[in-house]
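J.: Take this structure, written in structure tokens, and hold onto it; I'll ask about it next.
Only the coordinates and a few stated rules stand behind these numbers; no lab work does. Given the structure is predicted, the values throughout are model-derived calculations rather than measurements. So basically every Cβ, Gly included, is an ideal-geometry build from the backbone, and we count neighbours across all protein chains shown.
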Amino acid sequence: MDCSTSSNVPGEGYCHQAVHLEEGMALECGVHIAPLEIAYRTYGKLSQARDNAILICHALTGDQYVAEPHPFTGKPGWWSRMVGPGLPIDTDRFFVICSNVLGGCMGSTGPRSICAETGKPWATEFPPITMHDIVAAQAKLIDHLGVGRLFAVIGGSMGGMQVTTWAADFPERVFAAMPIATSPFHSAQNIAFNEVSRQAIFADPQWHDGHYRDFDAIPARGLAVARMMAHITYLSEEALSRKFGRRVRRDGATAQPAASSPSLFGEMFEVESYLRHQGSTFVRRFDANSYLTITRAMDYFDLAAEHDGDLASPFRSSETRFCVVSFSSDWLFPTSQSRLLVRALNRAGANVSFVEIDSDRGHDAFLLDEPDFDRTITGFLNGAAEHAGLKAGQI
Amino acid sequence: MRVDQRLIAEMIEPRSRVLDVGSGDGALIEHLFRTRACDARGIEINMQDVTQSVAHGLPVMHGDADHDLAYYPDDTFDYVVLQRTLQAVERPREVLRQMLRIGRHVIVSFPNFGYWKLRLQLLTSGRMPMTAVWNTPWYITPNIHPCTIRDFLALCEEEGYVIERWLAIDEGGAKAPWRRSIRLANIFGEQAMFMLHKGSASIR
């Protein structure tokens, strides 16, 4: 990534910590992409035996800043309540790695990177990628960091798809795997939601067929609508009712001045205001082409289909210890889909724990304060560490 | 750990693969892992127990005997254990079949409905018996398939299962002294424990 450019495009010009691999990598679609840049952050210390590394895989719009303030937004890391000293994923004990996914926009090779052949940004010409590609790129980072076997791979939502893919593609490199609030395939409903998000982006006049950068523009409106729609799917009816109910905002810039005639949108429901805020902050940190690339990778994800419909097949003879977690009110990745994975792991004879956490906060619950979930992660990691022969306590 | 769980643990060879169906708080699988180096896993229907077990580092999954055993391949385990739950499952015969399909040995315990106190209560009061073991009224009891020791034996015979060991246990879970006679055990044994394997006739 060119760190010297100054630009008004979000994230442009910031120098993310990254590994640069000149040889690049071959993608599943047949394209060889080079060079390859994988941006990442690490926390804690790798033990002498190199046996305490945990890879955290982020969700669709997450990034590598899992446990520290985000360099652009200044907000705390997206899982800073879970990852840190003395927390369930304890950085006093474990060496935690989190990388920006291939196709992302926080420093890893993606649609914003320069295509070596054309000398111009890839934009919509960026090749289609899959979960296998995303994981293969992470494996190159892990090689670079000198870690052979990961003690654990943990991730929620799309991060969980990566966890499952890691366990399928590199079983000998994953001692413990924790797929959270996820599914072994992307459902028709979820593909449908993604499609609405994408159409919102395409419909933005600033889209310019994906070459918005050439016009010094971003399809902010379309991307914001995409985010607003997606954000609803991350919550639940109970959570929205509790948080906003039918409350109306009558103050502030959004309300109309004391008009003589009543206006249809003279007042605004709090939930509307909340979604608009979610949309507008999102476009400041995320790239539309990355959104398209990554949502497509999710849509293509179907582990069973790659194995003649047998989801157990990639896990046969796997020594990995699994802990599958779902949330009772998650309707984007419902418990039934986690159970499919669990039953496939049973068919494969794998060692699997499975917990459905009781929560009314929908899919986002995995990012929120859920004490039972914290206890599950702590306990599973402790149990796995004992089986792996990791020393207890600090390293 | 309950006394009858200790009896179960003693029946299990060290270093074997064990599935505890209805693992509760996980006491048995933890004991088997710590003292017998077993690869012991659990299935539990109560989510609080599951969370507590996993939070304790034990490999336990949410599920139940009626619906989740079918997903394991044949002979996955050396032992499959079902403690005090056979009378509460939807289809006891099918659950036993599944257990014997996925495990080489099955250890099953259940409260004996032929116990003399139950017989006496039914005879004298004419109402469904209530004891420390059978402690819920008929309209809310989870124990929908009560059986006696002799009923269970008859089922094993019908299904062609070989009884490797059996014993009667009292309410506290200790061994009761009715080991010679099934007939006496069926009267004086409050609970029963069996270890079974498939007979050659039942291997299809």
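J.: Tell me what chain A gives for mean residue ellipticity at 222 nm when only DSSP H runs of n ≥ 4 count, each as -39,500 (n - 2.57), the sum divided by the residue total, rounded to 500 deg cm²/dmol.
T.: When only DSSP H runs of four or more count, the value is -10000 deg cm²/dmol.
J.: Listed highest first by mean packing, meaning other Cβ atoms within 10 Å per residue, what order do A:308-316, A:325-333 come in?
T.: Put in order of decreasing packing, that is A:325-333, A:308-316.
J.: Each residue of the range A:84-96 in turn: what ³J(HN,Hα) in whole Hz from Karplus with 6.51, -1.76, 1.60 and θ = phi - 60°, glycine and Pro shown as x?
T.: Values per residue, Gly and Pro as x: x, x, x, 8, x, 9, 7, 6, 6, 10, 10, 9, 9 Hz.
J.: Right, another one. What value does the range A:333-395 have for Rg/Rh, both radii from Cα atoms and Rh as Kirkwood defines it?
T.: Over the Cα atoms of the range A:333-395, Rg/Rh equals 1.04.
J.: With axes computed from alpha carbons, what is the tilt in degrees of helix A:288-300 against the longest principal axis of chain A, rounded to the nearest 10 within 0 to 90?
T.: Computed tilt is about 50 degrees.
J.: Also, quick follow-up: If contacts are Cα pairs under 8 angstrom and at least 6 residues apart, what is the relative contact order of chain A in percent?
T.: Worked out over chain A, it gives 17 percent.
J.: Could you work out, residue by residue across B:42-54, how many beta carbons of other chains sit within 10 Å of that residue's beta carbon, and then give the average as an integer?
T.: Per residue, the number of nearby Cβ atoms from other chains is 4 on average.
J.: Then there is this: Which of these, A:203, A:350, A:384, has the largest mean-square fluctuation under a Gaussian network model of chain A (Cα springs below 10 Å)?
T.: Comparing A:203, A:350, A:384 in a Gaussian network model of chain A, the most mobile one is A:203.
J.: List the pair-distance distribution P(r) of chain B, using every Cα-Cα distance, as the percent of pairs falling in each 5 Å bin from 0 up to the bin containing the longest distance, rounded to whole percents.
T.: Going from the shortest bin to the longest, the percentages are 1, 7, 15, 19, 21, 17, 11, 5, 2, 0.
J.: If you count, for every residue in B:69-79, the Cβ atoms of partner chains within 10 Å of its Cβ, what is the mean?
T.: That average works out to 3.
J.: Indicate, rounded to the nearest 5 percent, the antiparallel portion of the DSSP beta bridges found entirely in chain B.
T.: 45 percent
J.: Same structure, new question: Amide H neighbours of residue B:161 under 5 Å, at least 5 residues apart or on other chains, H built in the peptide plane: list them.
T.: B:199
J.: Per the Cauchy relation, a quarter of the hull surface: what is the mean projected area of the convex hull of the alpha carbons in the range B:86-139, in nm²?
T.: 4.7 nm²
J.: Separate question: Hand me the tally of lysine pairs in the protein assembly as shown: alpha carbons under 28 angstrom apart, and the pair either on different chains or 8 or more positions apart.
T.: Count of close lysine pairs: 8.
J.: Just subtract the alpha-carbon distance of residue A:231 and residue A:26 from 0.36 nm times their residue separation and send over the number in nm, one decimal.
T.: Extending this stretch completely gives an extra 70.5 nm.
J.: Once both labels are modelled 7 Å past Cα along the beta-carbon direction, what's the residue A:310-residue A:50 spacing in nm?
T.: A separation of 3.5 nm, rounded to one decimal place.
J.: Quantify how much of the Cα-Cα distance distribution of the range A:83-189 extends past 15 Å, in percent.
T.: Everything past 15 Å amounts to 68 percent.
J.: Find the all-direction average of the projected area of the Cα convex hull for the range A:263-395, expressing the result in square nanometres with one decimal place.
T.: Averaged projected hull area, Cα only: 12.9 nm².
J.: If you don't mind, there's one more thing I want to ask. How much net charge surrounds residue A:81 when only the other residues with a Cβ under 15 Å from the Cβ of residue A:81 are counted, with Lys and Arg +1 and Asp and Glu -1?
T.: -4
J.: Compute the semi-axes of the equivalent ellipsoid of the protein assembly as shown, taking the square root of 5 times each eigenvalue of the Cα gyration tensor, and list them largest first in whole Å.
T.: Over the Cα atoms of the protein assembly as shown, the ellipsoid semi-axes are 54, 28, 20 Å.
J.: Another question, if that's okay. Could you list log10 I(q)/I(0) for the range A:192-291 at q = 0.10, 0.13, 0.17, 0.22 Å⁻¹, which the Debye formula gives when each Cα is one point scatterer?
T.: Evaluating at q = 0.10, 0.13, 0.17, 0.22 Å⁻¹ gives log10 I(q)/I(0) of -0.35, -0.57, -0.86, -1.08.
J.: Another question, if that's okay. How much length, in nm to one decimal, is gained on full extension between residue A:317 and residue A:143, taken as 0.36 nm per residue of separation minus their Cα-Cα distance?
T.: In short, 60.3 nm is gained.
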